[in-house]
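Working notes for the structure below.
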Amino acid sequence: MPDNLTIRVLTSTRDIAAASWDACANPAGQPFNPFVTHAFFDALEASGSATAETGWLGQHLVLENPQGEALGILPLYLKDHSQGEYVFDHAFADALERAGGSYYPKLQASVPFTPATGPRLLVPPGPDEQAIKHTLANAAIQLAQTREASSVHITFLPQADWDLLGAGEAQWLQRTDTQFHWENNGYQSFDDFLATLSSSRRKNLRKERAAALEHGIQIEWLTGADLQEAHWDAFFQFYMDTGNRKWGTPYLTRDFFRRINETMAEHILLVMCTRNGKPVAGAFNMIGSDTLFGRNWGAIEHHPFLHFEACYYQAIDFAISRGLNRVEAGAQGGHKLARGYLPRTTRSLHHFTDPRLGHAVKHYLKAERAAVAQQQEALESHSPFRKE
């Protein structure tokens with residue numbers, strides 16, 4: 001790269017114009033990803049969801065030319081914990097601390113609380129794209145030394161960037177995991193999708209959908225101008241109730257939902273479930289140019305199979321209606337397989353400033369990648385789709 005370029009470290013997305021950020025994050029002619037927009041990061045930070053107080057101190061790297069124009073961005077956070085990441089590194093932390101070291105702080109390149117694959121090195125296509133990505137990745141390693149961080153982690157990045165930076169694993173160690181995604185094979189209706197399943201699975205799905213609505217449940221899709229603050233009041237109650245029971249303290253504040261409703265409503269799908277006119281459950285999704293991303297679910301009443309209906313079957317219905325290519329249903333969940341969501345690989349990169357820890361992790365990750373591949377092969381053998 002030319003010597004006259006500079007890198008700035010920003011503690012807030014508000015330190016860069018939204019238009020400059022978005023020109024790198026979602027350049028014209030490329031698939032749109034809602035999670036890397038300036039508006040989404042700003043909502044996380046300005047709402048108090050991802051801040052220094054919650055353990056997410058912004059360290060966003062921006063590569064600029066002499067005119068001050070952004071050529072590429074790496075959203076980055078200095079962290080003192082490993083919560084809200086969905087790529088679990090507790091074993092690494094325990095190993096380093098048993099050896100007398102300190103795992104925290106660390107640098108995390110990700111969208112907070114969002115286990116969805118998408119761009120992490122935000123660089124528009126062009127002849128210098130790969131060089132800019134290498135420059136940003138190297139800058140993150142240098143910043144780790146400056147901040148006395150143990151490591152840098154880039155999570156849920158596309159395979160092309162995983163291959164680019166991880167080639168030879170000289171500086172970046174490659175890790176894989178599994179999610180479950182539904183893929184649209186040109187279906188015109190939910191029944192078209194059902195027709196591709198085995199007879200037993202097809203019957204089970206129909207029974208589950210009917211059972212979910214047995215007690216007078218009605219379901220509505222809300223997006224764009226249809227979304228009102230009253231809907232978010234109800235959903236936040238669901239989110240807090242379910243989150244407190246399952247995880248302790250939920251990550252997102254009520255103000256986060258207000259902010260994305262103001263700036264990103266056309267990219268939101270809220271599946272709202274009511275009974276006798278009263279909201280009782282809901283599923284929050286984000287809409288990309290070719291993908292529906294399932295994010296959060298919550299309920300204040302328990303109804304059998306309503307979770308599956310609101311989160312998985314309604315998502316499939318919506319994706320078919322919009323002509324979207326896939327539904328990514330979030331982290332974990334082997335139960336998704338029987339409902340048409342197949343195992344797909346997710347990827348992350350890891351750099352450790354201590355070469356001894358890096359050497360040990362490298363061997364661990366090699367074995368883990370093989371185990372993930374074997375597990376996916378075994379899962380595929382239990383596909384609910386009809387055998388040819």
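The values are calculated or read from the model by the stated rules, or taken from the named source; none is laboratory data. Because the structure is a prediction, the values reported are computed rather than measured. Virtual Cβ from ideal backbone geometry, glycine too; neighbours counted across all protein chains shown.
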Just wondering, is there one or more residues in the range 64-78 that are out of contact with any helix residue (DSSP H, G or I) (no Cβ under 8 Å at 6 or more places or on another chain), surrounded by 23 or more Cβ atoms within 10 Å (Cβ to Cβ) and at pLDDT 95 or above? yes
Kindly check whether there is at least one residue in the range 143-154 that is closer than 17 Å to Asp354 by Cβ, free of Cβ contacts under 8 Å to residues at least 24 places away in the same chain and assigned to a helix (DSSP H, G or I). yes
Note on the range 355-384: residues out of contact with any helix residue (DSSP H, G or I) (no Cβ under 7 Å at 6 or more places or on another chain) and not in a helix (DSSP H, G or I) are Ser381, Ser383
Residue count, the range 23-40 (criterion: assigned to a helix (DSSP H, G or I), farther than 17 Å from Ala109 by Cα and either without any contact (Cβ under 8 Å) to a residue 40 or more places away in the chain or touching a helix residue (DSSP H, G or I) at 6+ places or on another chain (Cβ under 7 Å) (or both)): 1
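Rundown of residues vs (1) closer than 23 Å to Leu213 by Cβ; (2) surrounded by 22 or more Cβ atoms within 10 Å (Cβ to Cβ); (3) in the same structural domain as Leu227 (by TED's automatic domain parsing); (4) modelled with pLDDT under 95, yes/no style:
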| residue | (1), (2), (3), (4) |
| --- | --- |
| Ala283 | yes, yes, yes, no |
| Ile287 | no, no, yes, no |
| Ala315 | yes, yes, yes, no |
| Ala331 | no, no, no, yes |
| Gly340 | yes, yes, no, no |
1 or more residues over 16 Å from Glu148 (Cα atoms) and touching a His at 6+ places or on another chain (Cβ under 7 Å): qualifying strands (runs of 3 or more DSSP E) within the range 41-119: 70-74, 106-109
What's the number of the condition Gly224 fails, among (1) surrounded by fewer than 17 Cβ atoms within 10 Å (Cβ to Cβ); (2) under 26 Å from the mean Cα position of the chain (by Cα); (3) of a type in the set (Gly, Ala, Ser); (4) over 22 Å from Met272 (Cα atoms)? (4)
Scan Lys336, Lys387 and give me the residue that is over 23 Å from Leu96 (Cβ atoms) and not in a helix (DSSP H, G or I). Lys387
Whichever residue in the range 117-158 is among the hydrophobic types (A, V, I, L, M, F, W, C) and more than 16 Å from Leu107 (Cα to Cα) and, among such residues, is surrounded by the fewest Cβ atoms within 10 Å (Cβ to Cβ): Ala131
Sole residue being buried (at least 23 other Cβ atoms within 10 Å of the Cβ) and of a type outside the set (Val, Ile, Thr), chosen from Ser102, Ser110, Ser47, Ser82: Ser110
Of the residues that make up the range 293-310, is at least one surrounded by fewer than 21 Cβ atoms within 10 Å (Cβ to Cβ), small (Gly, Ala, Ser) and farther than 15 Å from Ile217 by Cα? no
